[in-house]
Amino acid sequence: MTHAAHAAFGGDTFWLATALFLGTYAMIVTERVNRAIVALLGGALMILTGVLTQEAALRGVDFNTLGLLIGMMLIVAITKKCGVFQYVAIWSAKKVDARPWPILLMLALITALFSALLDNVTTVLLIVPVTLLITEELKVSPYPYLFATIFASNIGGTATLIGDPPNIMIGSAAGLSFNDFLVNLAPAMAVIFLATLLPIYWIWGRKLVAADADRMRIMHFNEREAITDSMLLKKSLFVLALVVAGFVAHDTLHLQPATVAMTGAALLLLLENFGGDAERQSKNVHHAFAEAEWITIFFFVGLFIAVYGIEQAGLIAWMAESLLHATHGDLASTATAILWGSAILSAFVDNIPFVATMIPLIKSMAPTFGGEAALVPLWWALALGACLGGNGTLIGASANLVVAGFAERTGAPIRFLPYLKAAFPLMLGSIAVCHAYLYWRYL
Amino acid sequence: MTAIFNTTDFAVLRAQDSVAQAARMLVERKVDALPVVDDADILLGVFRADRLLAMLLPRVATLESGVSDLAFVSDTLDDLREKMRAIAARPVGEFVERDATVVHRDTPLPEIMLLLYRGENDLPLVERGNNKLLGVVSATDVLRAVGAGDRR
């Protein structure tokens, strides 16, 4: 046991902070009260009970994560108004002559690419409606398409720093750049993406058939009509290109990703509104801000404070020590435990609070493994497990629930158990690939 | 007050009537909605013209946060006729809006006006307590009652 933990065990705050944190966690898992309310209350209680001062609590909030999330949310809120996502989906369906299996491949690829650059929930909100339209016109079951969409969004999101909130948090805390994620995680995701499509083809894809007349209906779709505002489209694509270039160069330019995303958001707001009258500007800006997911943002704020509370109280140090004890301080065993543990947990519980807890825990292992640089394989293990684990069940990631919600409302529901039967083994398979990848490259 | 209700010449559907019959009745009667009753004339709900339109549209277009427009879809009248044929024989019972807004004989006139203003045309008039259908009230009925169309 470390000195800090030892001192804390005897102190007042250790058990208090632990009880508050466990209470917060339990409330988040049971989902009886909105998670943003629970996290904010948990954070507030850490201050009110004296575990943290307000100044300390604010030090625990990772504003880089928040800035990156909000900046990207604003950019997406403006970009999606111009219809570009429908355009790309229809264009790709026509490129493959509206044949059912190639359409599934194209839509999965688009979902993965968009998810790598945008939030997963936003991506599926944009892709699923047009997917359902295409499957209805083709008179084929939407199920395999939606199943593939869920996997593609989580796999694509894992590939980059900005693709999934756990990666944003990990990148910010560990000082890993956009390119670090791209170089280290994207190749593994390409392999997993292709490997996932094989069983989807075997189970559903080879049986997908559409009549020529129905395919012709898709071929008659006019994707140009999907673009509702071509001027806004040009401005959005220009800013998105700048932002992606900014992410690629952020490490060289010594800029945090949040600065890149927030600057992009401000620039796009300016381009959208420059020259417009005051009332229109106010309406546009209000719309963009209203589209940001404030529940997620405030959830993060509360959670960061709650986790900082247990970190200051010594619980994180004690947990890290226990994990190291179990893995005998061996880096490979620790990475394996983190990879598989986070994958299985993330399939059933929200991966955001889990990753928020794991970050200080992994950081505190630096002395054992000889410095922060040695922790890199552990960060990749956490990112891979937490992001891909979300594929395992229908409740594993927010994007899954959004897809299931659409499926339910169109009368072709995705049920928990049938999904689990196909998805959980597939998720375990993807983690096995990650396991091999980690050993091959880092351990 | 009674003067605004149409209690004599109104069309009704039974749950087992077909969608084709319902569509024909909507067209012939030039109404937006038809009450659906059981054998004892108890109101089961309302069959609406816009529900019929929704059945002919791609399903995802009628969902909240579904596709926001269909400007790029080029379905023709023949495509829609084929969809209509596919649902023509199904019973209206499957498409009844069961929690439809109803009015009673004692519903205040401004409330009825407000419901009609909000777009709920052809409201069923039912007996309070047992939901027995007594008649209907439409925007036209109310306008006629307030004197619109009177020749002076």
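Modelled this way, with points 7 Å down the Cα-to-C-beta line, the labels at B:ARG105 and B:THR7 are 0.5 nm from one another.
Pairs from the list A:LYS81/B:LYS30; B:LYS83/B:LYS132; A:LYS95/A:LYS207 with a Cα-Cα gap above 26 Å: A:LYS81/B:LYS30; B:LYS83/B:LYS132.
Amide hydrogen proximity for B:LEU13: with H placed 1.01 Å from N in the peptide plane, the residues at 5 or more positions away or on another chain lying under 5 Å are B:VAL36, B:VAL37. Ranked by the mean number of other Cβ atoms within 10 Å per residue, highest first, peptides A:46-54, A:262-270, A:412-420, A:147-155 order as A:147-155, A:262-270, A:46-54, A:412-420.
Remark: mean inter-chain Cβ contacts per residue of B:73-83 equal 3, using a 10 Å Cβ-Cβ cutoff to other protein chain atoms.
Less than 15 Å Cβ to Cβ from A:ILE192, Lys/Arg counted +1 and Asp/Glu -1: what total charge do the surrounding residues give? Before the final figure, lay out the partial values.
Details: positive: A:ARG441; negative: A:ASP164.
Value of the local net charge: 0.
Could you give the distance between the Cα centres of segment A:252-284 and segment A:367-384, to the whole Å? Their Cα centres are 36 Å away from one another.
Projected onto planes of every orientation and averaged, the convex hull of the alpha-carbon atoms in segment A:264-340 covers 8.5 nm².
With r defined as the distance between the Cβ atoms of A:LYS283 and A:GLU408 and R0 fixed at 51 Å, what FRET efficiency is calculated, to the nearest 0.05? The partial results should precede the final answer.
Details: r = 33 Å, r/R0 = 0.65.
Efficiency, from the Cβ-Cβ distance: 0.95.
Each principal axis of segment A:197-334 carries a Cα extent, and these read 64, 55, 33 Å when sorted largest first. Using only the alpha-carbon atoms of the protein assembly as shown as identical scatterers, what base-10 log of I(q)/I(0) does the Debye formula give at q = 0.11 Å⁻¹? The Debye formula, applied to the Cα set alone, gives -1.08.
Given only helices, namely DSSP H runs of n ≥ 4 each adding -39500 (n - 2.57), what is the per-residue ellipticity at 222 nm of the protein assembly as shown, to the nearest 500 deg cm²/dmol?
Working: 29 runs with 388 residues, N = 595.
It lands at -21000 deg cm²/dmol.
Note that segment B:80-96 has calculated 3J(HN,Hα) couplings of 5, 4, 5, 5, 5, 4, 5, 9, 4, 8, 6, x, 5, x, 5, 10, 6 Hz, one per residue in order, obtained from phi through the Karplus relation 6.51 cos²θ - 1.76 cosθ + 1.60 (θ = phi - 60°); glycine and proline are x. Working note: Karplus 6.51/-1.76/1.60 with θ = phi - 60° gives segment A:285-301 the couplings 5, 4, 4, 5, 5, 5, 6, 5, 8, 5, 4, 5, 4, 6, 4, 4, 4 Hz, where Gly and Pro are set to x.
Within segment B:1-129, the proportion of C-alpha pairs whose separation exceeds 22 Å stands at 44%. Computed from backbone phi with θ = phi - 60° and the Karplus coefficients 6.51, -1.76 and 1.60, the 3J(HN,Hα) list for segment A:164-175 is 8, x, x, 5, 4, 5, 5, x, 5, 6, 9, x Hz; x is used for glycine and proline.
Write down, largest first, the equivalent ellipsoid semi-axes of segment A:342-440 in whole Å, where each equals the square root of 5 times an eigenvalue of the alpha-carbon gyration tensor.
Computed over segment A:342-440, the values are 32, 15, 8 Å.
Look at the stretch A:255-264: the mean tally of other chain Cβ atoms within 10 Å of its residues' Cβ atoms is 0.
Every number here is computed from the coordinates shown, using simple stated rules; none is lab data. From a predicted model like this one, the values you see are computed outputs, not experimental measurements. Methodologically, a virtual Cβ is constructed for each residue, glycine included, from the backbone with ideal geometry; neighbour enumeration extends over all protein chains shown.
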